[in-house]
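This report concerns only the one structure given below.
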Amino acid sequence: MSTHKLFFAGSGGQGILLMGQMITYAAMLEDKSATFLPSYGPEMRGGTANCTVVVSDKPVSCPLIYEADAVVAMNLPSLLKFESRVKPGDAMLLNTSILDQRPTRTDINVCEVAVNEIAMELGNIRTANMVMLGAVVRTTGVVSQESIEKVMHKIFTGKKAELIGLNTKAFEYWKK
């Protein structure tokens with residue numbers, strides 16, 4: 001039996017909630033139990049956004065988490081506020097494109113990802129969250145890469161379907 005507790009945080013418009021939703025949907029495709037609990041400020045872009053995701057082989061009784069196996073910090077306020085949520089020995093993933101500070105704790109594993117630079121290299125800054133999502137999936141093993149790619153085909157429909165190839169490329173960047 002395994003349970004993964006993940007926490008994503010950043011600014012509105014950075015795709016924080018989408019990352020959490022995609023892992024939740026991928027977990028459901030894998031017949032795992034999953035919860036997704038979003039939280040965001042009143043602003044659509046620029047405000048705060050965070051979410052918790054719990055994925056388990058057994059039923060999840062509560063979506064709240066106080067300690068996470070992995071915390072994603074896409075901006076400085078998120079690093080400062082949520083560094084304490086990482087369980088000792090577990091992972092904090094940082095968007096080093098924006099963050100010039102590092103965690104103060106020495107008992108966690110820090111994964112530095114220059115998501116904005118990678119997204120620009122791939123041709124679209126809006127894929128930065130998919131770069132980070134790839135790092136999260138590879139760091140934690142919470143769901144398979146194949147399940148995330150199936151989810152992309154389910155949620156990127158209509159006009160957004162044109163972005164599947166680019167989003168897949170961004171997600172797979174960490175295979176290098």
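The values are calculated or read from the model by the stated rules, or taken from the named source; none is laboratory data. Bear in mind the structure is a predicted one, so any value in this text is a computation, not a measurement. Note that we place each Cβ from the backbone using ideal geometry, even for glycine, and neighbour counts take in every protein chain shown.
A compact table of results
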quantity	calculated
So residue 128, is it among the small types (Gly, Ala, Ser), surrounded by 17 or more Cβ atoms within 10 Å (Cβ to Cβ) and farther than 21 Å from residue 28 by Cα	yes
Flag for residue 89 being surrounded by fewer than 16 Cβ atoms within 10 Å (Cβ to Cβ), more than 18 Å from residue 7 (Cβ to Cβ) and free of Cβ contacts under 8 Å to residues at least 24 places away in the same chain	no
Pairs, first in contact (Cβ under 8 Å) with a residue 24 or more places away in the chain in the range 144-158, second assigned to a loop (DSSP other than H, G, I, E, B), C-beta under 6 Å, six or more apart	147/30
The listed residue being hydrophobic (A, V, I, L, M, F, W, C), within 13 Å of the chain's Cα centre (by Cα) and at pLDDT 95 or above, out of 73, 114	73
In the range 1-57, the residues that are aromatic (Phe, Trp, Tyr) and either modelled with pLDDT under 90 or in contact with a Ser or Thr (Cβ under 6 Å, 6 or more places away or on another chain) (or both)	7, 36, 40
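Residues are listed down the side, and each one gets a yes or a no for (1) closer than 17 Å to residue 136 by Cβ; (2) buried (at least 23 other Cβ atoms within 10 Å of the Cβ); (3) of a type in the set (Lys, Arg):
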position: 2; (1), (2), (3): yes, no, no
position: 5; (1), (2), (3): yes, yes, yes
position: 61; (1), (2), (3): no, no, no
position: 84; (1), (2), (3): no, no, no
